[in-house]
Amino acid sequence: GTLLVSERIDREELCGALSPCSLSFEIVVENPLELYSGTVEIQDINDNDPVFPSSQARLEISESVAAGARFPLESAQDPDVGINSLQTYQLSANPHFALDVQTRVDGSKYAELVLEKELDREEQRELHLVLTALDGGSPPRSAHVQIHIDIVDANDNAPVFNQSTYKASVRENMLSGTLVARISAYDLDDGPNGDIVYSFSSHTPAKVRELFALDSATGELRVKGQLDYEETKLYEIYLQAKDKGAVPGVAHCKVLVEVVDVNDNAPEVTVTSVYSPVPEDAAPGTVVALLSVTDLDSHDNGLILVQVSDVNDNAPKSSQNSYDVYVPENNVPGIPILNVSATDPDLGRNALLTYSLLQGDPTVGHVFSINRENGTLYLLTSLDHEDKVEFSMMVQVQDGGSPPLATNVSVSVFVTDLNDNAPTVLYPHPNTNGTYTDVVAPGSPPGHMVTKVVAVDADAGYNAWISYTLLQATDPSLFSVVLHSGEIFTARQLREDDAPQHTLVILLKDHGEPVLSASATVSISVAETVKEVLTDLTDVAPANDPRKHVTFYLILAVILVSAAFFITMLSVGIFKCYKWRQSKELFNSSRSTLYRTPGPFHHIDAVRGGLTPPNFYHQVYLTTDSRQSDLLCKKPFSSSPLGSRQSTMRNGEPGLYHQIVGTASQLPTPAE
């Protein structure tokens, strides 16, 4: 069980800057069967010196730079990690500059020159400094770089970045040339001193320059190499903007680039076979193989997902159990009025919903239709509020499972009223051929009701509210109309010099939008009686009118009809008295004869004689084996007002509208 090293281990070759550096392995132990996972951590030793990119560095610093200005220096690289990596920098002694060592996010160190005392080009044109990089080994290893500083005349305005730190994110495996960020700086100088050139800061690692490219003119930072989230998750990039003056001004900024993981690594399944082949008598539960699964991606990209198949165990669910829809009448056929919304948490075909109308009221299918796929309800015809006010229906939502599940949703459609009916005049009737005149007595006082205009409106609510106004009159000062009732009153007392005939035109308007109207013409005569009105009408008829005798004939016809009616009623009365006496004698004779059966002529004579209405008849049931006789009085075939029924019963034969059950000796007398 001893684990041995088979070749020389170089941590920097295996893991680079990754720390800790570890190698994983698995060991299978038999009898008993066990699986062990092991990890070997490769520990670093200080076997590498820090290295600067070049042995010399040259800086140009204007003499006008104020104290506190900072100048980044090229960083040294040390492939060792931990305490053996680069730990600090040291600067040779000088009167003007101090060294400030900073730490990046990843723990690496970089150095900046900080001007503590302002420079004077007249006193000293250049400076020579030595920068030393030290690691933390024991003993420490080091590297040196010569720094040559040229002191030049000042460019009094340096570029300024919009922000000191930029943040961006980019997906790994993005193509070369993908834009990551755009930095921007400005310089108040003119000419070359105001032209800005963007570049990487001197201490930007070489690895970053291999992965990213910076456009010197536009400041666009783009992908250059292949980014890998599993290798580095965050890049800290230092950039600078320098003008083109004789002594260029410099500004610095930092760009933090976050690498977003992409699911670019397939899971790796490792199968360790224990028994091969498997014996046919192997007991249930015998381990056949060991499997381990790894994925280099992170978060959700690194999970192993198990798909769960769907079962149709959820019925469709509507957002509401019932819908109330209000549709104005006179709609355009084919318009959508409602969308029935439902959801099903199942998947695939189990969540495929279809909508249909349940056939309850047969008229619903002729008026409405529904889209089976999206549940949109359409109107097939134009609705009329005066015809039908409400429609009720049931919409069924069914999924595509097997067996399917369904949900019913009730829908009520209310037809709202529009003002599409003008007022209709009932009195005076507008289509009558004759002239009907209302009469008012001479000398009638003010406020005397003469007549009333009766009208209806088929609309509902406010649309059916009718107002009456006097539009035209023979004498506008004589009559007035009540606005909402249509009653016509005298506005003043009638005088002898008032015209005997008056014609009023009444305007009837509803209160809908738009307003619909009608008119009624009312004729009023000033006379004591109707006879005088008829005489006046005869007198004012023109002599050459061919219909001048029509009134006379009408009056004669009324007299003749009245006389015929009087004679008829007198004859009916006499006949009724005769029939009543006959029925009385028949009733008295029935008291002594128990099994006498009346003939059918009694009922026929009663109907013909007017004693019983045609829709009211009697049936008499008599038995030969019993001393009981039943007289059954049937109800009328058609319903009639209560008053007419009572009148019929009072005018009928007394013995015929009682229902009698008993012996012949118990029959009531006509008086009873």
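I need every pair where a residue in segment 19-41 that is more than 16 Å from residue 291 (Cβ to Cβ) has its Cβ under 8 Å from the Cβ of a residue that is among the basic types (Lys, Arg), sequence separation at least 6 or different chains. Between residues of segment 19-41 that are more than 16 Å from residue 291 (Cβ to Cβ) and residues that are among the basic types (Lys, Arg), the close pairs are 21/11. The set of residues from segment 198-241 being in a helix (DSSP H, G or I), open to solvent by 20 Å² or more (accessible area, probe 1.4 Å) and among the aliphatic types (A, V, I, L, M) comprises just one member, 206. Taken over segment 28-50, the criterion of being surrounded by 15 or more Cβ atoms within 10 Å (Cβ to Cβ) and not charged (D, E, K, R) is satisfied by 42, 46, 48, 50. Residue-level check: of (1) open to solvent by less than 40 Å² (accessible area, probe 1.4 Å); (2) over 22 Å from residue 464 (Cα atoms); (3) in contact with a Phe, Trp or Tyr (Cβ under 8 Å, 6 or more places away or on another chain), residue 488 misses just (2).
Tell me which residues, restricted to segment 323-380, are outside any loop (DSSP other than H, G, I, E, B), β-branched (Val, Ile, Thr), free of Cβ contacts under 8 Å to residues at least 60 places away in the same chain and touching a Ser or Thr at 6+ places or on another chain (Cβ under 9 Å). If you could, list the steps in order and put the result at the bottom.
The first filter runs over segment 323-380 and keeps only residues outside any loop (DSSP other than H, G, I, E, B), leaving 323-328, 336-339, 342-343, 348-351, 354-357, 362-370, 376-379.
With the extra rule that they be β-branched (Val, Ile, Thr), the set shrinks to 325, 327, 337, 343, 354, 363-364, 367, 370, 376.
Filter once more, so that each one left must be free of Cβ contacts under 8 Å to residues at least 60 places away in the same chain: 343, 354, 363-364, 367, 370, 376.
Residues satisfying the conditions are 343, 364, 367, 370.
Just one residue in the set 444, 412, 467 is in the same structural domain as residue 329 (by the TED database), of a type outside the set (D, E, K, R) and touching a residue at least 40 places away in the same chain (Cβ under 8 Å); that residue is 412.
Total residues in segment 180-197 satisfying the condition of being open to solvent by 70 Å² or more (accessible area, probe 1.4 Å) and assigned to a strand (DSSP E or B): the figure is 2.
For residue 278, indicate whether it is of a type in the set (Val, Ile, Thr) and more than 30 Å from residue 303 (Cβ to Cβ). Give the derivation first.
Values: of a type in the set (Val, Ile, Thr): yes; more than 30 Å from residue 303 (Cβ to Cβ): yes.
Yes.
Only one of these is of a type outside the set (Lys, Arg) and open to solvent by 40 Å² or more (accessible area, probe 1.4 Å): 426, 353, 377. Name it. First the steps, then the outcome.
On the way: 353 fails: open to solvent by 40 Å² or more (accessible area, probe 1.4 Å); 377 fails: open to solvent by 40 Å² or more (accessible area, probe 1.4 Å).
Answer to the selection: 426.
Would you confirm whether or not segment 495-506 contains a residue that is under 47 Å from the mean Cα position of the chain (by Cα) and either open to solvent by 20 Å² or more (accessible area, probe 1.4 Å) or modelled with pLDDT under 95 (or both)?
No, that holds for no residue.
Checked against (1) modelled with pLDDT under 90; (2) open to solvent by 20 Å² or more (accessible area, probe 1.4 Å), residue 151 passes all but a single condition, namely (2).
If you go through segment 404-423 and keep only what is loosely packed, with under 15 Cβ neighbours inside 10 Å and over 21 Å from residue 359 (Cβ atoms), you end up with 414, 416. The residues of segment 474-489 that are among the hydroxyl-bearing types (Ser, Thr, Tyr) and under 16 Å from residue 525 (Cα atoms), listed by number, are 474, 477, 480.
Just one of the listed residues (166, 110) is in contact with a Lys or Arg (Cβ under 9 Å, 6 or more places away or on another chain), open to solvent by less than 50 Å² (accessible area, probe 1.4 Å), assigned to a strand (DSSP E or B) and in the same structural domain as residue 88 (by the TED database), and it is 110.
Cβ-Cβ distances below 9 Å connect no pair with a first residue in segment 508-522 that is open to solvent by 20 Å² or more (accessible area, probe 1.4 Å) and modelled with pLDDT of 95 or more, a second residue that is of a type in the set (D, E, K, R) and not in a strand (DSSP E or B), and a separation of six or more residues or different chains.
Right, residue 113: in contact (Cβ under 8 Å) with a residue 40 or more places away in the chain, more than 28 Å from residue 197 (Cα to Cα) and not basic (Lys, Arg) or not?
Details: in contact (Cβ under 8 Å) with a residue 40 or more places away in the chain: yes; more than 28 Å from residue 197 (Cα to Cα): no; not basic (Lys, Arg): yes.
The answer is no for residue 113.
Note on segment 253-293: among residues that are open to solvent by 80 Å² or more (accessible area, probe 1.4 Å) and in a strand (DSSP E or B), the one that is nearest to residue 202 (Cα to Cα) is 258. Looking at segment 85-107, which of the residues that are under 25 Å from residue 139 (Cβ atoms) and in a loop (DSSP other than H, G, I, E, B) is most open to solvent (accessible area, probe 1.4 Å)? Of everything passing the filter in segment 85-107, 93 is most open to solvent (accessible area, probe 1.4 Å).
Determine, yes or no, whether residue 311 is in a loop (DSSP other than H, G, I, E, B), open to solvent by less than 100 Å² (accessible area, probe 1.4 Å) and either outside the structural domain of residue 405 (by the TED database) or free of Cβ contacts under 8 Å to residues at least 60 places away in the same chain (or both). Break it down stepwise before answering.
Values: in a loop (DSSP other than H, G, I, E, B): yes; open to solvent by less than 100 Å² (accessible area, probe 1.4 Å): yes; either outside the structural domain of residue 405 (by the TED database) or free of Cβ contacts under 8 Å to residues at least 60 places away in the same chain (or both): yes.
It is true that residue 311 is in a loop (DSSP other than H, G, I, E, B), open to solvent by less than 100 Å² (accessible area, probe 1.4 Å) and either outside the structural domain of residue 405 (by the TED database) or free of Cβ contacts under 8 Å to residues at least 60 places away in the same chain (or both).
Restricting to segment 449-480, name every residue that is part of a strand (DSSP E or B) and open to solvent by 30 Å² or more (accessible area, probe 1.4 Å).
449, 452, 454, 456, 469, 470, 471, 472, 480
Per this entry, residue 69 is not counted among residues that are modelled with pLDDT of 90 or more and over 24 Å from residue 237 (Cβ atoms).
The values are calculated or read from the model by the stated rules, or taken from the named source; none is laboratory data. Here the structure is a predicted model, which is why all the values come from computation and not from measurement. All Cβ positions, even for glycine, are placed from backbone atoms using ideal geometry, and neighbour counts span all protein chains on display. The area values use the complete protein model at the heavy-atom level, side chains included, leaving out ligands, DNA and RNA. Shrake-Rupley method; radii C 1.70, N 1.55, O 1.52, S 1.80 Å.
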